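What follows is a single structure, written as structure tokens, with notes after it.
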Amino acid sequence: MLVTCTVAGQSLNGIWKGTLTQNTGGCFPVYYIELQINIAGDSVQGASYHYSDISNYVKKKYKGTFNNDLKKLSLREGSVQTFKIPPDCTPCIKNYELWYSRVGNKETLTGEWSGKVMNTTVDCQPGQLVLSRVLESAFKEIPEVEVDTGMIRLDFYDNAEIDGDSITVRANGKTILSNQLLSLRPITTYITIDLNSTFQEVEMVAENLGRIPPNTALLMVTAGQEHYRLYLTSTETKSAKVRFVYAGPRE
């Protein structure tokens, strides 16, 4: 009896991780890649991360197509949303040709990539790509908020019981609040997101742990008509971070 197994586009939705290699050149001969895939019919869109660790990465949006008969994804990255990489490195805007396979419980996307150096017509050195499905993003520890252009208001409150927590807040490494005591009244500051400043990484550093460790804060974000509620936790050895990324005008 012959059994034919097809892959519905919906089944590929989710997080895929792996390694990306370059034949020659590049900042790193091997580095990690994460594709966040969303398929609707034969259309694909999502986000791609290229990184050595979650503090050194490039993020882009991509679009593409899915051929269910061939189990093939064809993806084209758009412009870079944000990146934090060494100054002598330049991102590559990539295209992917990926094929889906499954052996037992192991699902794999395998294929090739090519592309152009950002803001140039220079070809990147092409390479191979192998990804496996995973349950969660490597970047889940650092919330990421996409916002329209403009001034972003940040209000910090003590979360739960008022216990003497004090914080310092930095935006892209620059101190914007210093040794502030959290309470039921907000500590307010502002950051700007626009075409000239497309990325802001806000870091909350614990100046102490209060009476009830760790140092916890409620961050209320106001971005135009949008509002977000985030819970941040920091200790003496680990700060809390949230990233704001310019996503262009709302459609």
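Residues being in a strand (DSSP E or B), over 22 Å from residue 72 (Cα atoms) and in contact (Cβ under 8 Å) with a residue 24 or more places away in the chain: count how many of those fall in segment 117-134. Result for segment 117-134: 1. Within segment 135-154, if we keep just the residues that are among the β-branched types (Val, Ile, Thr) and in a loop (DSSP other than H, G, I, E, B), the residue that is farthest from residue 187 (Cα to Cα) turns out to be 149. Return yes or no: is residue 221 under 24 Å from residue 81 (Cβ atoms), touching a strand residue (DSSP E or B) at 6+ places or on another chain (Cβ under 9 Å) and either surrounded by fewer than 20 Cβ atoms within 10 Å (Cβ to Cβ) or modelled with pLDDT under 90 (or both)? Against the criterion (under 24 Å from residue 81 (Cβ atoms), touching a strand residue (DSSP E or B) at 6+ places or on another chain (Cβ under 9 Å) and either surrounded by fewer than 20 Cβ atoms within 10 Å (Cβ to Cβ) or modelled with pLDDT under 90 (or both)), residue 221 does not qualify.
Scanning segment 206-218 for residues that are part of a strand (DSSP E or B) and surrounded by fewer than 21 Cβ atoms within 10 Å (Cβ to Cβ) yields one hit, 218. Residues that are without any contact (Cβ under 8 Å) to a residue 24 or more places away in the chain and within 20 Å of residue 12 (Cα to Cα) within segment 75-88 comprise just one, 76.
Going by the structure shown, is residue 242 within 20 Å of residue 55 (Cβ to Cβ), part of a strand (DSSP E or B) and assigned by TED's automatic domain parsing to the domain that holds residue 166? Answer is yes for this residue. Just one residue in the set 79, 101 is farther than 19 Å from residue 128 by Cβ, small (Gly, Ala, Ser) and assigned to a strand (DSSP E or B); that residue is 79. For the subset of segment 109-133 comprising residues that are among the aliphatic types (A, V, I, L, M) and at pLDDT 95 or above, which member is nearest to residue 221 (Cα to Cα)? Filtering segment 109-133 for residues that are among the aliphatic types (A, V, I, L, M) and at pLDDT 95 or above, the one nearest to residue 221 (Cα to Cα) comes out as 131. Under the condition of being surrounded by 17 or more Cβ atoms within 10 Å (Cβ to Cβ) and in contact with a Leu (Cβ under 7 Å, 6 or more places away or on another chain), the residues counted in segment 231-245 number 3. Pairs meeting the criteria (first residue in segment 158-175 and over 13 Å from residue 239 (Cβ atoms), second residue surrounded by fewer than 17 Cβ atoms within 10 Å (Cβ to Cβ) and aromatic (Phe, Trp, Tyr), beta carbons under 7 Å, at least 6 apart or on different chains) are 159/231. Considering 84, 106, 59, 17, the condition of being out of contact with any helix residue (DSSP H, G or I) (no Cβ under 9 Å at 6 or more places or on another chain) and at pLDDT 95 or above is satisfied by 17 alone.
The values are calculated or read from the model by the stated rules, or taken from the named source; none is laboratory data. Given the structure is predicted, the values throughout are model-derived calculations rather than measurements. As a convention, Cβ positions derive from the backbone with ideal geometry for all residues, glycine included, and neighbour counts pool all protein chains shown.
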